[in-house]
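Down below is the structure, laid out as structure tokens.
Read the figures in this text as sums done on the coordinates, not as results from a lab. The shown structure was predicted, so the numbers you read here are calculated from the model rather than taken from an experiment. Here the Cβ positions follow ideal geometry from the backbone for every residue, glycine too, while neighbour counts run over all protein chains shown.
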Amino acid sequence: MKQTISVLVENRAGVLNRITGLFSRRAFNIESLSVNVTDNPETSRITIIVDNGNSVVEQVEKQLNKLVEVIKVRNLDDASTVGRELILVKVNATAKTRQDILTIAEIMQAKICDISASTITLELSDTSERIVTFENLLRPFSILEEARTGLVAVQKGSGKI
């Protein structure tokens with residue numbers, strides 16, 4: 001079961017290290033980690049995706065709340081969350097395959113970032129499931145390189161961290 005934990009922290013050196021240390025000390029694997037400054041430059045939001053049972057996540061949440069630099073911790077569930085990932089993928093593109101790749105990009109609403117005589121680089125921001133579908137559709141064309149962000153998420157509606 002995947003859990004999404006959103007942590008609002010003071011934007012200071014070493015905070016991320018202390019937070020990830022809580023997970024590593026408990027041999028708790030982080031599947032995805034995304035960090036960025038918020039609209040307030042003094043705070044950052046850390047989105048952590050973990051795959052484990054609720055009791056361990058609750059334990060880590062309690063420990064996170066004890067850290068001085070942590071302002072707020074929230075466990076986000078899928079029903080009340082809007083989440084997106086970003087993928088940049090470079091595929092082999094010959095004269096024969098170029099149109100097929102562009103058709104997939106159009107159907108998936110991906111953007112073309114770069115195009116050369118032998119490659120096309122595409123960008124897609126979407127749910128994790130659609131990112132995987134996009135990868136699977138492009139795999140037959142020979143993926144040369146790809147980079148994915150972790151999930152970033154916010155609460156739906158008026159709720160906020």
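Annotations for the structure displayed:
- Cα gyration tensor category, rounded, prolate or oblate, for region 82-153 with a/c compared to 1.5: prolate
- Cα-Cα over 21 Å, subset of LYS90/LYS111; LYS2/LYS111; LYS62/LYS156; LYS72/LYS156: LYS2/LYS111; LYS62/LYS156
- Difference of contour (0.36 nm per residue) and Cα-Cα distance, GLU146 to ALA79: 21.2 nm
- Estimated FRET transfer efficiency when R0 is 22 angstrom, pair GLN155-LEU16 (beta carbons, to 0.05): 0.50
- Rounded tilt (10° steps) of 128-138 against the dominant C-alpha axis of the chain: 20 degrees
- Taking the fewest neighbouring Cβ atoms within 10 Å as the starting point, the ordered list for GLU85, GLU129 is GLU129, GLU85.
- Loop-located GluC sites (Glu not before Pro) in region 14-67, at most 14 other Cβ atoms within 10 Å (DSSP): GLU42
- Using the rule -39500 (n - 2.57) for each DSSP H run of four or more residues, divided by the residues of the chain, the 222 nm mean residue ellipticity is -9000 deg cm²/dmol.
- Pairwise centroid distance, computed over Cα atoms, of region 1-63 with region 65-91, Å: 8 Å
- The mean sequence separation of alpha-carbon pairs under 8 Å and at least six residues apart, normalised by the residue count of the chain, gives a relative contact order of 28 percent.
- Rg and Dmax [Cα atoms of region 2-80; Å; Rg one decimal, Dmax integer]: 11.8, 34
- Value of relative contact order over region 82-153, rounded to a whole percent, pairs C-alpha under 8 Å and six or more apart: 52 percent
- Exposure proxy ranking, count of Cβ atoms within 10 Å, fewest first, for LYS96, LYS160: LYS96, LYS160
- Which of GLU135, GLU69 has the fewest Cβ neighbours within 10 Å, and the rest in rising order: GLU135, GLU69
- Its residue count N sets the reference 2.2 N^0.38 Å, and the alpha-carbon radius of gyration of region 17-140 equals 1.40 times that reference.
- Length available on full extension from ALA27 to SER118: 0.36 nm per residue minus the Cα-Cα distance, which gives 28.4 nm.
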